[in-house]
Every structure is written in structure tokens, then in C-alpha cells.
1. Round to a whole angstrom and tell me the spacing of the C-alpha centers of segment 52-66 and segment 75-114.
2. For GLU321 and LYS483 in the same chain, what is the full-extension length gain: residue separation times 0.36 nm, less their Cα-Cα distance, in nm?
3. I'd like the Karplus ³J(HN,Hα) series for segment 425-438: coefficients 6.51, -1.76, 1.60, θ = phi - 60°, whole numbers in Hz, and an x wherever there's a Gly or Pro.
4. How long is the gain from ASP173 to LEU149 if the chain were fully straight, where each residue apart is worth 0.36 nm and the alpha carbon distance is subtracted?
5. Rounded to the nearest 20 debye, what is the charge dipole size of the chain about its Cα centre when +1 sits on each Lys and Arg Cβ and -1 on each Asp and Glu Cβ?
6. What residues qualify as long-range amide H neighbours of GLY19, i.e. H under 5 Å apart, gap of 5 or more or another chain, H built at 1.01 Å from N?
7. For segment 372-440, report the accessible area per residue in Å² (1.4 Å probe, heavy atoms, rounded to an integer).
8. Taking 30 Å as R0, compute the FRET efficiency from the Cβ-Cβ separation of GLN132 and ASN270 and round it to 0.05.
Amino acid sequence: MERRAGILCPVFSIPSNQGIGDFGTKTEKMIDIIADAGYKIWQILPLQVTGPTHSPYQTLSSFAGDPIYINIDRLSEMGLITQSSIVNCNKFRNFVDYDKVRTFKEKYFRRAFHSFKKEFDAFKDDYHAFKQSAFWLDDWAVFQLFHDLHEGKDWTQWDEEYKQWPYDKSAVDLRDYEDELFYIKFLQYIFYKQFDDIVMYAHSRGLEVMGDIPFYVDLDSADMWTNREDFMIDREGNASFVAGCPPDYFSADGQRWGMPVYNFEHQINNDFSFWTRRMRWMSRCCDMIRIDHFRAFDTYWKIPSSCPTAVEGEWIESPGENLLRAIIDACPGIQMVAEDLGDQLRPELYALEREFGIPGMELLLFKLESKVLKKPLPEHIVLYTGTHDNETVCQAYQSFSNNKRISLRRFFKKRGYTHRKFNELVCHFALDSEADTVILPIWDICGYKEEARINTPGTISDKNWTWKLKDFKTFPALVANTKDWVENAGR
């Protein structure tokens, strides 16, 4: 297999004039920087509409893009607003204030929508082509409308006629809301128009885009509201069993995530239609797809919903082989990456990966011991220094004992790596490794510490999912610094 290197950079972390990385010219500049240094993959995090935690792994839909990523200058290029009306928002901040950015962008979106309706004939064919391909759009618009009418409450807490609308569409008269439904669909049209342009730009620079999809979906989502039979929930949205992880070294109670588990018995009977629709849409958006919590294709931890912790769960075998076959049949040529990190993984999981040619993951952050680093890595994997869920390499280095630091530096020096900065030693070593694919997060390339940590699992914090680069002052040179490493490693 071809040796390749990539960079992990969430869209929200890209510098921007409008408070959050988005689909504007600065993201094109980021793509140029990555491509100029010889990288072939740009990995992003999920871009779907997030809930109050802003986590891209807790979303209101598997399909609807988050309008927060729409670039306002692009609306001006479409003639929907005037360039002179656009001002900046949190331009030089190194964090995202989601609520402020949403409020800031909303007034521009409303103005653009007003123009869009007046000039609709100019957009009609393009809009209808999108609508025809976005099979999920009508249900999403109604879900978003009802969510807003109920002040953001979970659909399980809505008035009965709204809760049961997927079963009885006559219960709510939508005629009074036609304009708002059109607005919600307009935002999705604009989101995907801009996102597709960014992906095409990446392709023009020789980059493939790796998207990311969680195994489970949230209870408060359009997916579950419209597909209840595919999950272990009743008509009212009460879950029988929820997902999580069992107790381990890190947590005596395990992790109770709270998302209902799949009703695979029902899904087998409909040829996994929910999964195949989901993966088909992802394949339409991205060139490669990393599947979070891939181990659930083999076994998943099933917790009775009555249990407040994850202690009482049990491992259940998943119909993973049949599910993967259905996905591959529905999405010919799909490239998947398995996030298979964790404990208690069975040989059957790795057999599944081999059968379907899906590479798993390894993290150098978990191997930073001289004895471990001496062992060769498998070729058919995707190697990371770390992910969005871990400390940065430099943050971890700060916590090492002096003896461990000396031992690691001695190890790298013996192998010819003489960089002064620890993150550069680790990144260069990763690129030279046996792994077919190596992905370097931007925070490790730049040598950032705790300030750049993207997420601390198991915590709800106003710091999670908010870090962004302030500007492009130092970043291009730091990435360019790795160009020779990429080239010399044959990537």
C-alpha cells in the first residue's frame, strides 16, 4: 500500500475572521499549507449540528451540517449580502465562543435568506438538485423547527403531537411554518454548497479529506425521532438499554454514555438501511471515513437504562460482518479507518478489519517508553502521535519524570533524531515508522501544550471543542519544517 502522511485539523480550529474556522478562504489557505508540505490527507472532525456541549460526537443529526461553519464572505460572493455590511467577530481569539458566533452569524443568514427568496430563479435548479439528493432534508427541517418551538428541549419532552409526528403527519399543521422550514433547508443548501467547494479545493491540491463518524447517535436527534424501530427505544423515546464502556483501570464505574443501543434484530430485517443511508451520505461528503468506537462492530457494552452507572452492562456480539458487508455493497470503493483503541478487544475484531481491509489505529502517545518504541509497528495501520481526545505530546512530556525524559531523548538520539523540541522528535519518528499512513495533529506539529487540548473525555467543560489557531503567523513555517521529513520517509 502507498505510504502517506496527513494532518488532523478540525475545521473549527482554523483561523477565521468570524469567530470559528469555517468554509472560507482561510481554510483554503490551510489546505495550501498542508499540501505544500507534501501531506496527502486532511482529517477533520464531524461537522453535523451539535447540541449544548458543542461536541461533534453528540449531534442532532447524522446528516445536517452545522450552519456555524458557513462563511459569511461567501454569501456576499453569491450576491446574497453586501460585502460592506460584514464585520469581524472574535477575530484574534484562540478559542471559539459558540453561542456568540451563532448569534453573530444568524443575522447575516436571515438577510441572505431574504435575498435568496427574491432571487430564487437564479438558484432554483441548483437548490432542487441538492434537495433531491438530500433524502433526509425534509425530516431534518421539521425536527429543527419543532426543537426550536420547544426551546431546545429533547424531543422526548415535546407535546405529544410533535413527538409522534413521524407516525401521524396530520397532527401538526405545517402551513404556518412554511417560511421557517424553507429557511432551515436553505441553510443546509448553503452549508453543503460551501463544504463541497472546500473538498473540491482540497482535491485540486492533491488532498483527500478524511471525515469522522461516531458509531452511536444521540437520543435527541432527528435520526432517532424518525427511526425509532432501529434503536432500543419505545414510541415515547424511553430507552431499554444504553451504550457505554465497562469499568476499567481509569473508571471504577465505567462510562455510561446514555445513547440507546441499536436494535440490530430489526436492522438485520431491513438490510441495515439506517447504517447504509448514513454511510452513503458520508461517502458523498468525504474520501475516507474514520469510524469512532469501531470495536462495537465486534462487541458492544449494553447497559440497562435503569442502571445509573456502566457497572451492570454485558458484552453483546454485534452483527458486524453482515453490517460491514451491507455498507460496502451500498458504498463501493469506500475507505474506512477503524478507531479500535481500548481494552478487552477480541481477536475477532482484528479478523473483521483484515477481512474488509480496514486499517486500525495506533497512538505513539501510548507507546512513549524506550522498550516499547523499539518494537516495529504493523504496516497496515494509521499511526497518530495522539488524537483529539488525548493530551498533546508536549503536555504529556511535561508530566514525565526526569529519568523518563532522558531515556526517551537517548532513544531518539541513537536513531539519529537530534531535534531539540520533543514534539519534533515524536512527529519525525512517526513519519519514519513502518505504518502505511501517519496522521499528525496540528497541535503536535506546532508543539502546543495544555492550551491546545481539544477534548478531555468524560468531562463537560467550556474548554472542550473550542481551541483554534489565532492566525497564520507561525503555523505555515512549522508545517513547512516537516516537508523534508515527509519526503525522506517516502510519503
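1. After rounding, the separation between the Cα centres reads 20 Å.
2. Details: separation 162, 0.36 × 162 = 58.32 nm, distance 3.96 nm.
Once the chain is fully extended between GLU321 and LYS483, it gains 54.4 nm.
3. 4, 5, 5, 5, 4, 4, 5, 7, 5, 6, 4, 4, 10, 10
4. On the way: separation 24, 0.36 × 24 = 8.64 nm, distance 1.35 nm.
So the chain would gain 7.3 nm between ASP173 and LEU149.
5. On the way: 59 positive and 74 negative charges, 555 e Å.
So the dipole magnitude of the chain works out to roughly 2660 debye.
6. Answer set, sorted by chain and number: CYS89.
7. Working: 3180 Å² over 69 residues.
Here the residues of segment 372-440 average 46 Å² of exposed surface.
8. On the way: r = 23 Å, r/R0 = 0.76.
The computed FRET efficiency comes out at 0.85.
The values are calculated or read from the model by the stated rules, or taken from the named source; none is laboratory data. Worth saying up front: this structure is predicted, and the values here are computed from it rather than measured. When we count neighbours, we look across all protein chains shown, and the Cβ atoms used for this are built from the backbone with ideal geometry, even at glycine. The accessibility values were calculated without ligands, DNA or RNA, using every heavy atom of the protein model including side chains. Shrake-Rupley method; radii C 1.70, N 1.55, O 1.52, S 1.80 Å.
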